[in-house]
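A quick write-up on the structure given underneath.
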Amino acid sequence: MAPSVLKRKEKENQETTRLSTGRISKKIRRTDELYDEGEPDIITIDSDDDDETRIKKQNKIDINNEPGMQKLHALLEQFTKSMFEKSLPAHNAYIKSLIHKPFIMPDSSYDGHSETFLQMRFKNREPTPLHDPKAPNAVVLFTPPEYSEEFKKAHKDEMLVHVVVDPVLSRVLRPHQREGVQFMYDCATGVKIEDFYGCILADDMGLGKTLQCITLLWTLLRQSPHFKSGPTVSNVIIICPSSLVKNWYNEINKWLGTKLSAMAIDSGQASEAVDAKLHQFGRQQSNGKRRSCNPVLIVSYETFRNHAHVLDNIEVGLMICDEGHRLKNMENQTYVCLKKVICKRRIIISGTPIQNDLLEYYSLVDFVNPGLLGNASEFRKTYENPISKGRDADASDYQVELGQERQKTMINIVNRCLIRRTAELLSKYLPLKYELIVCSKMEPAQQALYEFFIKSKGVQKTLQEGDKVHGKKGAGQSTLQAIMFLKKLCNHPQLVYDLCTKGEDGFEGLEKMFPEGFSRSIRNFEPLWSGKMKLLDNILANIKQTTDDRVVLISNYTQTIDLFQRLCDMRGYKWTRLDGTLTTKKRDKIVQQFNDPTTNEFVFLLSSKAGGCGLNLIGANRLIMFDPDWNPANDGQAMARVWRDGQRKTCYLYRFLATGTIEEKIFQRQTHKKALSNCIVDSAEDVMRHFSLADLKELFRLEDESVLSDTHSKFNCKRCVDNQQIEPPPEQADTASDLADWHHCYDPSVIPDDKLADSWPRSNISFVFYQKQDKPKDP
């Protein structure tokens with residue numbers, strides 16, 4: 001290329017570079033660092049205006065000058081803040097409009113109810129159960145039939161699904177509890193008896209009746225074999241003694257946590273507050289159209305009775321009545337109120353549902369399944385009258401045979417809606433248990449007073465009058481007064497001192513039988529006046545000295561508990577007391593304190609009547625039943641307080657009986673399997689009706705001093721010879737066996753409890769029965 005051409009090209013490139021640089025420098029211009037009078041700086045970007053328009057100051061800021069850069073950053077920050085403040089309200093308003101905008105269902109048929117939504121959700125799916133029926137440890141309560149592929153396509157909406165217990169619960173259920181849940185589910189769904197939906201859960205104490213019922217109610221609230229129709233029930237009412245309201249609430253929370261919200265009404269709440277809660281529960285309709293926020297109501301019998309009108313015309317899916325033997329009287333106001341509730345699924349929970357009075361038995365069955373045994377008059381004619389006559393002490397052979405036949409028929413009917421398992425099932429899960437029946441002779445002065453009284457004209461007159469009026473309703477009041485006197489005397493002479501000193505009819509001359517210096521004041525209480533109290537004093541001292549065991553001490557009489565309390569104060573034992581005077585809150589607090597291993601409580605003083613409702617005293621592993629009740633169910637309830645879930649130590653359960661006295665006679669009546677439920681009567685007026693005159697005379701007879709145990713002497717025991725057991729009990733025998741198959745002890749060397757053995761020489765022990773309940777051996 002010619003040199004002239006190259007020079008021309010180079011010149012053109014230089015010109016182009018100059019022009020480009022000029023345009024770039026023209027793009028951004030800065031005002032001087034400071035304007036006069038504080039006028040704002042101006043930044044112009046990509047502008048064609050001349051310098052006079054764009055720049056008001058001739059002095060320019062060097063872009064590389066540090067103060068100039070700081071000013072630029074300040075301007076940018078001010079600009080950003082201004083824009084943020086202007087845009088923020090609009091942004092927030094827009095977001096809120098999105099959040100609060102009503103959600104429109106794509107399905108126009110949606111009516112706001114959860115079940116309709118679920119139906120839409122699963123419209124195109126094959127029905128499936130809520131939980132996997134093939135999972136390990138699954139508890140399947142209902143299994144649908146096998147469906148063909150053609151049926152599935154043509155009748156998908158008619159398909160049934162498995163009903164499976166929530167795995168949270170199924171993994172903790174023991175075999176007998178699974179069986180119980182299945183039984184109750186079959187009853188509640190009409191499988192056991194067509195058109196009848198109630199049942200009675202009559203398991204012994206400690207078998208987990210509460211957990212079984214929680215499993216059932218949760219399953220019914222969540223599931224049904226009919227996939228499209230929603231759950232079986234939509235609400236549940238639990239009625240229980242006031243002392244158990246909190247316990248039910250805690251148990252539901254323990255097993256289900258936030259899955260289920262229960263509404264508990266404390267008996268201490270104001271009437272207006274109770275009505276408000278019941279109204280709230282009632283507004284949650286039970287027609288399956290709406291899920292309830294609090295589908296479970298827990299309320300005491302007394303509170304429900306006083307506020308039942310609030311729930312008038314409210315349909316209830318399931319009703320559970322804990323300690324349901326309270327409903328044995330059909331004329332009771334509580335019974336009447338509960339019977340009016342619109343509910344076809346009713347469950348009674350009771351460890352002692354069957355008493356000797358057949359009409360009371362009928363009341364319980366008719367409550368859960370109305371009409372199953374006919375109406376009341378039909379029941380009396382068909383069952384009660386023949387069975388009662390057959391059980392009478394003077395019944396003919398024909399009456400006995402007819403009574404047994406009707407009794408068998410009735411039991412066969414009722415067993416379809418009643419399930420009962422004994423506490424011996426617990427032996428698989430609990431530590432070793434010993435039961436010991438300790439016969440203790442009375443002290444000499446105590447025995448002299450006993451003999452004087454039963455030979456007195458008053459007692460003899462009572463027996464003669466009893467012969468004339470035997471079997472009549474209302475008879476035997478003077479007899480019962482005499483019985484009560486003897487029972488208290490067996491505990492301690494101080495309990496009958498006032499009766500003796502007043503000289504009332506039938507108690508004349510008894511004051512002179514008390515030794516000189518005897519005082520009625522509890523401050524002057526002396527355990528040596530009573531054989532059983534002397535034994536108690538010894539065994540408590542032995543336990544306290546060498547172990548860290550705790551003791552539950554039970555009596556049927558608050559006056560006897562007063563003496564226990566005085567004994568503990570005398571010996572410096574830390575004690576806690578629970579009787580009928582305590583409120584539910586105080587009761588719960590002292591039980592929690594006693595069960596706390598960090599406290600120094602030693603003795604829990606318990607009234608038998610107060611200790612029969614769900615009381616858990618696993619802080620103790622020794623229990624002493626100081627006196628027997630006419631009804632063994634009451635004793636059984638009280639004695640089940642320590643050998644139950646959560647217990648870790650070997651348990652010792654003692655029964656104290658005054659040798660040869662009325663206490664042994666009462667105990668023999670308890671164990672006698674003559675009555676329908678193996679229970680003796682528990683009401684005053686029944687004593688004369690169920691005892692023959694010979695029975696009453698036997699009741700008032702004191703055995704000779706040579707008798708070590710009246711109960712054992714009546715066995716005609718072939719395992720004992722010359723006051724020595726020569727043959728051991730059957731290997732398979734346990735605490736549920738007859739006393740004839742227990743160990744029979746004549747001296748302390750064979751006693752399995754060294755604390756009782758150490759107490760034997762310094763007390764009045766004459767004989768001991770004992771048996772153990774161990775874990776069953778593998779077959």
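The values are calculated or read from the model by the stated rules, or taken from the named source; none is laboratory data. Note that the structure is a prediction, hence the values are computed from the model and not measured. Positions of Cβ are backbone-derived with ideal geometry, glycine not excepted, and every protein chain shown enters the neighbour counts.
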Self-check item: Scan of the range 251-268 for residues that are without any contact (Cβ under 8 Å) to a residue 60 or more places away in the chain and not in a helix (DSSP H, G or I), ordered by number
Solution: 260, 261, 262, 263, 264, 265
Self-check item: Single match in 233, 274 (criterion: outside the structural domain of residue 588 (by TED's automatic domain parsing), part of a loop (DSSP other than H, G, I, E, B), among the aliphatic types (A, V, I, L, M) and modelled with pLDDT of 90 or more)
Solution: 233
Quiz item: Residues in the range 295-337 that are touching a strand residue (DSSP E or B) at 6+ places or on another chain (Cβ under 8 Å), surrounded by fewer than 18 Cβ atoms within 10 Å (Cβ to Cβ) and among the acidic types (Asp, Glu): how many?
Solution: 1
Quiz item: Within the range 147-169, how many residues turn out to be in a helix (DSSP H, G or I), in contact (Cβ under 8 Å) with a residue 40 or more places away in the chain and surrounded by 13 or more Cβ atoms within 10 Å (Cβ to Cβ)?
Solution: 2
Quiz item: Can you name the condition, by its number, that residue 736 falls short on among (1) surrounded by fewer than 16 Cβ atoms within 10 Å (Cβ to Cβ); (2) touching a Leu at 6+ places or on another chain (Cβ under 6 Å)?
Solution: (2)
Self-check item: Members of the range 701-719 found to be buried (at least 18 other Cβ atoms within 10 Å of the Cβ) and modelled with pLDDT under 90, listed by number
Solution: none
Quiz prompt | Boolean, residue 225 is in contact with a Lys or Arg (Cβ under 6 Å, 6 or more places away or on another chain) and over 25 Å from residue 425 (Cβ atoms) | solution = no
Quiz item: Can you pull out the helices (runs of 4 or more DSSP H) entirely within the range 372-474 that have at least 2 residues that are at pLDDT below 90 and buried (at least 19 other Cβ atoms within 10 Å of the Cβ)?
Solution: 385-391, 457-469
Self-check item: helices (runs of 4 or more DSSP H) contained in the range 693-764 and holding at least 1 residues farther than 30 Å from residue 394 by Cβ and not acidic (Asp, Glu)
Solution: 754-759
Quiz prompt | Qualifying position, being modelled with pLDDT of 85 or more, of a type in the set (A, V, I, L, M) and either part of a loop (DSSP other than H, G, I, E, B) or in contact with an Asp or Glu (Cβ under 9 Å, 6 or more places away or on another chain) (or both), among 535, 528 | solution = 528
Practice problem: Among what's in the range 732-763 and is farther than 12 Å from residue 437 by Cα and among the hydrophobic types (A, V, I, L, M, F, W, C), pick the residue that is modelled with the lowest pLDDT. | Solution: 736
Self-check item: Number of the condition not met by residue 489 [criteria: (1) modelled with pLDDT of 95 or more; (2) under 36 Å from the mean Cα position of the chain (by Cα); (3) under 27 Å from residue 634 (Cβ atoms); (4) in a helix (DSSP H, G or I)]
Solution: (2)
Quiz item: Only one residue in 548, 569 is at pLDDT 95 or above, over 29 Å from residue 659 (Cα atoms), assigned by TED's automatic domain parsing to the domain that holds residue 656 and more than 26 Å from the chain's Cα centre (by Cα), so which one is that?
Solution: 548
Exercise. Inspect all residues belonging to the range 352-365 and state whether any of them is out of contact with any Phe, Trp or Tyr (no Cβ under 8 Å at 6 or more places or on another chain), assigned by TED's automatic domain parsing to the domain that holds residue 271 and at pLDDT 90 or above.
Key: yes
Self-check item: Hits in the range 582-611 (condition: of a type in the set (Gly, Ala, Ser) and in a loop (DSSP other than H, G, I, E, B))
Solution: 608, 610, 611
Quiz item: Listed residues 584, 546, 576; which is more than 30 Å from residue 757 (Cβ to Cβ) and either touching a residue at least 40 places away in the same chain (Cβ under 8 Å) or buried (at least 17 other Cβ atoms within 10 Å of the Cβ) (or both)?
Solution: 584
Quiz item: Would it be correct to say that residue 662 is at pLDDT below 85, surrounded by 23 or more Cβ atoms within 10 Å (Cβ to Cβ) and not small (Gly, Ala, Ser)?
Solution: no
Quiz prompt | Test set (1) surrounded by fewer than 20 Cβ atoms within 10 Å (Cβ to Cβ); (2) not in a helix (DSSP H, G or I) - residue 348 fails condition number | solution = (1)
